[in-house]
Amino acid sequence: MDVRFPLLSIASLAFLLFFGLQGDVELYSWEVGISIAPDEVKVMVDPVWVVWIDTEYIYSFGCNAMVYGNVMVVDEEFCDYAFDDPRPNPLRYEYIHIKQFRALGWFLWPMKYIVNIEPPSGGSLADMWLPPDWWVDRWRFVAIIHDKPF
Ligand SMILES: [Zn+2]
């Protein structure tokens, strides 16, 4: 059995700890995947956290929400409105960054020069890059691999 907890996961946890000490941490979503092949069984676990944080404090970083790895740090005055609510929902926007992180891992940074990691000026959320269906994610938070199970 092999447990993979890559460097990006450790960096995300450090980011969660740093901001979590100054805000309210909430588990936003929790995804578990399993892949079974003759030579390998793999279980992947991807939690996503949101840290609600003081408005003045997050503004000192020059933004009202930010993402690193699987952690969203969001101005506590925002709300997680329902999906069809027309009011701007920063979580919906930041969650796209979460999916981009999972798809690209460290390649997120060079890829921002090639695809729209952020919406182009005047663009909308629909213009932000998302992985196609056939894409294999580059980064999973934790993967537990069991070789030759059968
Ligand atoms: Zn952004």
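Total residues in segment 91-132 satisfying the condition of being among the aliphatic types (A, V, I, L, M), assigned to a helix (DSSP H, G or I) and either under 29 Å from LYS42 (Cβ atoms) or in contact (Cβ under 8 Å) with a residue 40 or more places away in the chain (or both): the figure is 7. With respect to LEU108, is the statement that it is within 12 Å of the ligand (Cβ to nearest atom) and buried (at least 19 other Cβ atoms within 10 Å of the Cβ) true? Criteria met by LEU108. When TRP134, TRP109 are checked against the criterion of being out of contact with any helix residue (DSSP H, G or I) (no Cβ under 9 Å at 6 or more places or on another chain), aromatic (Phe, Trp, Tyr) and over 18 Å from VAL71 (Cα atoms), a single residue qualifies: TRP134.
If you check TRP135, TRP139 for being of a type in the set (Phe, Trp, Tyr), in a loop (DSSP other than H, G, I, E, B) and crowded, with 18+ Cβ neighbours inside 10 Å, only one passes: TRP139. The set of residues in segment 59-73 being more than 22 Å from GLN100 (Cα to Cα) and either among the β-branched types (Val, Ile, Thr) or within 16 Å of the ligand (Cβ to nearest atom) (or both) consists of TYR59 alone. Test of understanding: among VAL48, VAL67, which residue is touching a Ser or Thr at 6+ places or on another chain (Cβ under 8 Å), surrounded by 11 or more Cβ atoms within 10 Å (Cβ to Cβ), at pLDDT 95 or above and assigned to a strand (DSSP E or B)? Only one candidate qualifies: VAL48.
Out of GLU94, GLU76, GLU118, I need the residue that is at pLDDT 90 or above, surrounded by fewer than 16 Cβ atoms within 10 Å (Cβ to Cβ) and either more than 14 Å from the ligand (Cβ to nearest atom) or under 22 Å from LEU13 (Cα atoms) (or both). Which one?
Details: GLU94 fails: surrounded by fewer than 16 Cβ atoms within 10 Å (Cβ to Cβ); GLU118 fails: either more than 14 Å from the ligand (Cβ to nearest atom) or under 22 Å from LEU13 (Cα atoms) (or both).
It is GLU76.
Cβ-Cβ contacts under 7 Å between residues 6 or more apart (or on different chains), taken from a first residue in segment 28-48 that is among the acidic types (Asp, Glu) to a second residue that is outside any strand (DSSP E or B), are listed as ASP39/LYS148; ASP46/ASN70; ASP46/ARG102; ASP46/ARG140; ASP46/PHE141.
The values are calculated or read from the model by the stated rules, or taken from the named source; none is laboratory data. For clarity, every value in this text was computed on a predicted model and none was experimentally measured. Here Cβ is always computed from backbone atoms with ideal geometry, including for glycine, and neighbour counts include all displayed protein chains.
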